[in-house]
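Notes to accompany the following structure.
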Amino acid sequence: MKHRKLTLCFFLTGSMLAGAMLTGCGSGNADSGKIEIEMVQFKPEAVEVFERLEEEFNRTHDNIHLTIDSPNDATTILKTRFIREDYPDIIGIGGDINYSYFVDSDILADISDYPGLASIKPSYIDILEQLEFVPTEGTFGLPYVSNAAGVLYNRTMFQENGWEIPSTWNEFLTLCDNIRSAGVQPLYFGFKDTWTCLAPWNALAVDLAPADVCRQVNRGKTTFTAEYREIAEKMQQLITYGQDGPFAYGYNDACTAFANGESAMFTIGSYAVPQIKSVNPDMDIDSFVMPGNDSADGNVLNSGVDLLFSVMDACQHKEAAYEVLDFLLEHDNVQYYLDQQNAISCKDEEFQLAPMLDGMKEFISAGKMADYQDHYYPSEMSVDAQIQTFLINQDVDAFLAKFDKDWLRYNRDIIRKVEDYEKQHGE
């Protein structure tokens, strides 16, 4: 087995204990005469989906036995197993900075030879490639499903009041003013939970900043002070249309308030709909792309790879692993996942989408999308907390200065790798 240059960022306090929970998984049928394939996937909310897929795969395949593990805190468990060189055959993870670390550590197999890649929308392949710290030959992930974030709205309320969907920032602010004039709260925020601050931030960022801004900063070509100012200023405008004291209310509070008609809109992703509908199952929800630009042509859908599959480089049965991927990409299996999780397929094929995505279909079909900016942020920076602090203090300059300073601090190793790469290969 080739040397693994495990990135130091993998090491988490206490993770060795968590990793012990899965050691040896997938060995229960070692004497069955079948090829054993173990997958670990990180979405605990999709456990029942994967249990059904596992059962169906094993029912229809005589030569391969598939075990799918869906533990809580799967990412931490995986990192611990990687330290021990105890690798599953396939992992199901999100398209975020952890994927970047895994690619950088040379533990994922190059699946460029996998025929199923040809069925994936190029925009999602591009999103994964943008996550690489430095350009790497090969393809290391199969994008499976994505989600979308922008503005959820109460469709019934909009229809009853004749409110129109905005396509520019000024139209959006005018809409908020009109909603308020009608005696309705325009927006509701759950900023007590800091991660929710990232939802409107990301949705504005894809409109207003270059998609590769983090890579540009790593190369010394720009700064966040230069690229993020307009986003920060528009976040300040946005919060004025929310409820009083948005930092006293959490995600569940915001979902409940929106479900109960206490606001007309909610700046969050489609992933929030199940929580909202648990409060009001009959609510008619639709969504639209955050119109952060002064021109409608500049608006982009905030969509990232919510789930991808990677084959581990240590996998001894790559062809069998590819059979598992083939199975997962079958139309009915993709549609089943979409139906259960309100997701968007990365496969370039016609699927039935959930009705709350109606307002985003044009962008999805056209592939006019960009990844969540926070997928590039190191967790040590706690950017969500920084945004919350900024929105409380309302000091744009201090926020941007800290962002640039912390970025250099927490990305110094990556920046050094970029510098070394460009010395060898040029820009």
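Output the helices (runs of 4 or more DSSP H) that fall wholly within the range 153-229 and possess 1 or more residues being among the small types (Gly, Ala, Ser) and modelled with pLDDT of 95 or more, or say none. Walk me through it before giving the result.
On the way: elements: 155-161, 169-181, 198-208, 213-218, 224-227.
Passing ranges, in order: 169-181, 198-208, 224-227.
Do you know which residues across the range 63-109 are assigned to a helix (DSSP H, G or I) and of a type in the set (S, T, N, Q)? So that I can check it myself, show each step before the final result.
So in the range 63-109, the residues assigned to a helix (DSSP H, G or I) come out as 74-83, 97-104.
Selection gives Thr75, Thr76, Thr80, Asn98, Ser100.
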message = Just to check your reading of the model, which residue among Leu353, Leu338 is at negative phi and either of a type in the set (Lys, Arg) or in a helix (DSSP H, G or I) (or both)?
response = Leu338
message = Filter the range 61-76 down to the residues that are modelled with pLDDT of 95 or more and either aliphatic (A, V, I, L, M) or closer than 17 Å to Val334 by Cα (or both) and list them by number.
response = Ile64, Leu66, Ile68
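I'm checking my understanding of the structure. Among residues of the range 46-92 that are more than 22 Å from Phe102 (Cβ to Cβ) and acidic (Asp, Glu), which one is surrounded by the most Cβ atoms within 10 Å (Cβ to Cβ)? Before you say what the answer is, go through the steps one by one.
As a first pass, look at the range 46-92 and keep what is more than 22 Å from Phe102 (Cβ to Cβ): 47-49, 51-65.
Among the residues that remain, those that are also acidic (Asp, Glu) are: 48, 51, 54-56, 62.
Details: Glu48: 10, Glu51: 12, Glu54: 18, Glu55: 12, Glu56: 16, Asp62: 9.
Among residues in the range 46-92 that are more than 22 Å from Phe102 (Cβ to Cβ) and acidic (Asp, Glu), the one surrounded by the most Cβ atoms within 10 Å (Cβ to Cβ) is Glu54.
Could you look through the range 247-271, keep only residues that are without any contact (Cβ under 8 Å) to a residue 60 or more places away in the chain and either assigned to a helix (DSSP H, G or I) or among the aliphatic types (A, V, I, L, M) (or both), and pick out the one that is nearest to Leu400 (Cα to Cα)?
Step one: filter the range 247-271 for residues without any contact (Cβ under 8 Å) to a residue 60 or more places away in the chain, giving 248, 256, 259-260.
Now drop any that are not either assigned to a helix (DSSP H, G or I) or among the aliphatic types (A, V, I, L, M) (or both), which leaves 248, 256, 259.
On the way: Ala248: 24, Thr256: 33, Ala259: 34 Å.
Going through the qualifying residues, I end up with Ala248.
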query = Regarding Asp126, is this residue over 20 Å from Ile268 (Cβ atoms), within 16 Å of the chain's Cα centre (by Cα) and acidic (Asp, Glu)?
reply = yes
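So that you can scan it fast, the table gives a plain yes or no per residue for (1) of a type in the set (Val, Ile, Thr); (2) under 21 Å from Glu38 (Cα atoms):
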{"site": "Arg84", "(1), (2)": "no, yes"}
{"site": "Ile127", "(1), (2)": "yes, no"}
{"site": "Leu131", "(1), (2)": "no, no"}
{"site": "Phe140", "(1), (2)": "no, yes"}
{"site": "Arg155", "(1), (2)": "no, no"}
{"site": "Glu160", "(1), (2)": "no, no"}
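Can you name the residue in the range 272-309 that is hydroxyl-bearing (Ser, Thr, Tyr) and either touching a helix residue (DSSP H, G or I) at 6+ places or on another chain (Cβ under 7 Å) or free of Cβ contacts under 8 Å to residues at least 60 places away in the same chain (or both) and is also surrounded by the most Cβ atoms within 10 Å (Cβ to Cβ) among such residues? Walk me through how you get there before you give the answer.
Taking the range 272-309 first, the residues hydroxyl-bearing (Ser, Thr, Tyr) are 278, 287, 295, 303.
From what's left, either touching a helix residue (DSSP H, G or I) at 6+ places or on another chain (Cβ under 7 Å) or free of Cβ contacts under 8 Å to residues at least 60 places away in the same chain (or both): 278, 287.
Details: Ser278: 12, Ser287: 27.
Result: Ser287.
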message = Go through the range 31-51 and report how many residues are at pLDDT 95 or above and among the acidic types (Asp, Glu).
response = 4
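The values are calculated or read from the model by the stated rules, or taken from the named source; none is laboratory data. Everything quoted here is computed from the prediction, not taken from an experiment. Counting neighbours? That spans all protein chains shown, and the Cβs are built from the backbone with ideal geometry, glycine included.
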